[in-house]
1. Starting from residues that are among the charged types (D, E, K, R) and either touching a helix residue (DSSP H, G or I) at 6+ places or on another chain (Cβ under 7 Å) or in a loop (DSSP other than H, G, I, E, B) (or both), keep the ones in region 61-76 and report whichever is surrounded by the most Cβ atoms within 10 Å (Cβ to Cβ).
2. Going by the conditions given, is Asp56 out of contact with any Gly (no Cβ under 6 Å at 6 or more places or on another chain) and at pLDDT 95 or above?
3. Can you name the condition, by its number, that Asp79 falls short on among (1) crowded, with 16+ Cβ neighbours inside 10 Å; (2) more than 11 Å from the chain's Cα centre (by Cα)?
4. Could you tell me whether any residue of region 13-34 is open to solvent by less than 40 Å² (accessible area, probe 1.4 Å) and on the phi > 0 side of the Ramachandran plot?
5. Would you confirm whether or not region 17-33 contains a residue that is touching a strand residue (DSSP E or B) at 6+ places or on another chain (Cβ under 7 Å) and among the β-branched types (Val, Ile, Thr)?
6. Cβ-Cβ below 8 Å, separation at least six or inter-chain, first residue in region 72-86 and on the phi > 0 side of the Ramachandran plot, second not basic (Lys, Arg): which pairs?
Amino acid sequence: MVAHESGHYLGLFHTFQGGCPNDDCLTSGDMVCDTPPDQNLFNILCFDGTNSCSTDEDDTSDNNPFRAEDLGGLGDQSDQQTNYMDYSSVLCFDIFTAGQARKNGSCIRAKK
């Protein structure tokens with residue numbers, strides 16, 4: 001898929017890079033804070049509610065939008081199966097996050 005490979009070219013990692021550890025979203029996983037931790041390598045369904053990691057809230061910094069709700073975050077989230085940098089069915093892909101679009105000053109456009 002061109003969008004996925006272009007993401008790699010522009011310095012993006014897979015959403016499941018490094019699995020679940022989420023001590024610091026700037027240095028853990030795919031190193032993009034607005035993609036929740038993910039360790040699922042492939043899903044055939046687009047929105048099956050898979051949540052392969054329960055570590056979304058581990059990074060309590062303001063950088064992590066998935067920190068606990070009582071800290072002002074969104075809390076634990078499902079895997080982003082529609083993210084171009086995930087491995088899902090090609091029919092599922094439709095987003096780069098704003099953080100991915102900003103990564104390394106890339107020219108990727110995030111879906112609003």
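1. Within region 61-76, the match that is surrounded by the most Cβ atoms within 10 Å (Cβ to Cβ) is Arg67.
2. On the way: out of contact with any Gly (no Cβ under 6 Å at 6 or more places or on another chain): yes; at pLDDT 95 or above: yes.
Yes, satisfied.
3. Single failed check for Asp79: (2).
4. yes
5. First, pick out the residues of region 17-33 that are touching a strand residue (DSSP E or B) at 6+ places or on another chain (Cβ under 7 Å): none.
No, that holds for no residue.
6. Between residues of region 72-86 that are on the phi > 0 side of the Ramachandran plot and residues that are not basic (Lys, Arg), the close pairs are Gly72/Asp62; Gly75/Asp56; Gly75/Glu57; Gly75/Phe66; Gly75/Ala68; Gly75/Glu69.
The values are calculated or read from the model by the stated rules, or taken from the named source; none is laboratory data. Remember, it's a predicted structure, so these values are computed and weren't measured experimentally. Neighbour counts run over all protein chains shown; Cβ positions are idealised from the backbone, glycine included. Areas reflect the complete protein model, heavy atoms only, side chains present, ligands, DNA and RNA absent. Shrake-Rupley method; radii C 1.70, N 1.55, O 1.52, S 1.80 Å.
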